[in-house]
1. Farther than 24 Å from T96 by Cα and touching a Pro at 6+ places or on another chain (Cβ under 8 Å), is that true of C64?
2. Considering only residues that are in contact (Cβ under 8 Å) with a residue 12 or more places away in the chain and assigned to a loop (DSSP other than H, G, I, E, B), look in the stretch 33-64 and name the one that is least open to solvent (accessible area, probe 1.4 Å).
3. Quick one: L79 ticks every box in (1) more than 22 Å from C20 (Cβ to Cβ); (2) among the aliphatic types (A, V, I, L, M); (3) surrounded by 10 or more Cβ atoms within 10 Å (Cβ to Cβ) bar one, so which box is it?
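The values are calculated or read from the model by the stated rules, or taken from the named source; none is laboratory data. As the structure is a computational prediction, the values presented were derived from the model and not from experiment. Because the Cβ atoms are built from the backbone with ideal geometry, glycine has one as well, and the counts that use them run over all protein chains shown. Just the protein is used for accessible areas: all its heavy atoms, side chains included, with ligands, DNA and RNA removed. Shrake-Rupley method; radii C 1.70, N 1.55, O 1.52, S 1.80 Å.
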Amino acid sequence: MKESSMPWTCTVTEINGKLCIVCPWHKYKITLAEGEGLYQSINPRAPKSTAKWCSKGVKQRTHCVHVRNGDVYVTLSDLSAGIDSDYYQSEEYRQTLKKASNT
């Protein structure tokens, strides 16, 4: 598997009134407050219509962050319910990567 030399910095931008990060690699748009994936949709039967922002649902876990006197405090979100992005920290995913790197 090839390692990326891309720096892992994301752009923060406002989309449809929500602060979002934009993945520099995939260009995914994720809301900071909810972890909701956003995409633009257009009606193919009305190609002159304006694209609108739609939700893919919650895709990324979010955590509450506070800065006090220069110290950063992170309160982890509820981990009892699974979220799509959890897969990338699973043993199943590690095995998939291992198999891919051996081919």
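1. On the way: farther than 24 Å from T96 by Cα: yes; touching a Pro at 6+ places or on another chain (Cβ under 8 Å): no.
For C64, the condition - farther than 24 Å from T96 by Cα and touching a Pro at 6+ places or on another chain (Cβ under 8 Å) - is not met.
2. Of all residues in the stretch 33-64, those in contact (Cβ under 8 Å) with a residue 12 or more places away in the chain come to 33-41, 52-64.
Now restrict to residues that are assigned to a loop (DSSP other than H, G, I, E, B): 33-35, 59-63.
On the way: A33: 76, E34: 83, G35: 0, K59: 65, Q60: 82, R61: 35, T62: 40, H63: 80 Å².
Step by step, filter the stretch 33-64, then rank; the result is G35.
3. Tallying (1) more than 22 Å from C20 (Cβ to Cβ); (2) among the aliphatic types (A, V, I, L, M); (3) surrounded by 10 or more Cβ atoms within 10 Å (Cβ to Cβ), L79 fails exactly one: (3).
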